[in-house]
Amino acid sequence: MTFGSRTRSRQQKQLQQCNRNLQSIFIALDIYANEHEGVFPVVTHAQSSEAALAGLVPRYTSTTSAFICPGSGDRELPNGESFAERKISYAYYMGRRRAEGSEPVMSDEQVDALPKIKGRPLFSTNGKGPGNNHKNGGGNLLFADGRAEKAPALAPNSLLLTSGVVLLNPKR
């Protein structure tokens, strides 16, 4: 096996683990939404995904390892403790409702917090940050219906921000 194929294999495994992480986080998001009329967490004036999602721990999940993408190089989080003052690896579409099943609710860190046009960068195309959880190998999108899908670095579809939805990247 060549160095390049080992690297691609490792990246594929990291993408798969990242996908499972997002599905684990969705369980906490879903429980939250059940208690809040189908709305995922909204925190007024949140500037980062950490600020919006920190309230999930410890009430809706005590497992914080899922909030760190294995390809990101971000430091582990202590289990059962709020991560409001720490860094997570994922972006969050604050303001989404469970009923918007075909819309993304989370993803790997994105290149910026703007709406994405089909064919434009969603994740890093050169392996440099921001948006490089998986270097230049794309990332994962978690949808409001709970499915997580791998996505290339360039947006496969337009990802628009509907009224009341804000895309929050993690802290830099």
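The numbers here are math on the coordinates, done by the rules we state, and not lab data. The model shown is predicted, which means the values in this text are computed figures rather than measured ones. Glycine also receives a Cβ, built like all others from the backbone with ideal geometry; neighbour counts cover every protein chain displayed.
Going by what's in this entry, would LEU167 be described as of a type outside the set (Val, Ile, Thr) and in a strand (DSSP E or B)? Here the answer is yes, as LEU167 does meet what is asked.
For segment 87-97, the candidate set comprises residues that are among the small types (Gly, Ala, Ser) and either in contact with a Cys (Cβ under 6 Å, 6 or more places away or on another chain) or assigned to a strand (DSSP E or B) (or both); within that set, the residue that is surrounded by the most Cβ atoms within 10 Å (Cβ to Cβ) is ALA91.
Conditions tested, residue by residue: (1) acidic (Asp, Glu); (2) in contact (Cβ under 8 Å) with a residue 40 or more places away in the chain; (3) part of a strand (DSSP E or B); (4) surrounded by fewer than 21 Cβ atoms within 10 Å (Cβ to Cβ).
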{"site": "GLU81", "(1), (2), (3), (4)": "yes, no, no, yes"}
{"site": "ALA84", "(1), (2), (3), (4)": "no, no, no, yes"}
{"site": "ALA99", "(1), (2), (3), (4)": "no, yes, no, yes"}
{"site": "SER107", "(1), (2), (3), (4)": "no, yes, yes, no"}
{"site": "LEU114", "(1), (2), (3), (4)": "no, yes, no, yes"}
{"site": "LYS171", "(1), (2), (3), (4)": "no, yes, no, yes"}
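Under the condition of being of a type outside the set (Val, Ile, Thr), more than 21 Å from HIS36 (Cβ to Cβ) and buried (at least 21 other Cβ atoms within 10 Å of the Cβ), the residues counted in segment 48-70 number 1.
Taken as a whole, the structure places LYS116 among residues that are over 13 Å from the mean Cα position of the chain (by Cα), closer than 22 Å to ARG172 by Cβ and not hydrophobic (A, V, I, L, M, F, W, C).
Among the residues of segment 37-78, those identified as among the hydrophobic types (A, V, I, L, M, F, W, C) and in a helix (DSSP H, G or I) are ALA51, ALA52, LEU53, ALA54, LEU56, ALA66, PHE67.
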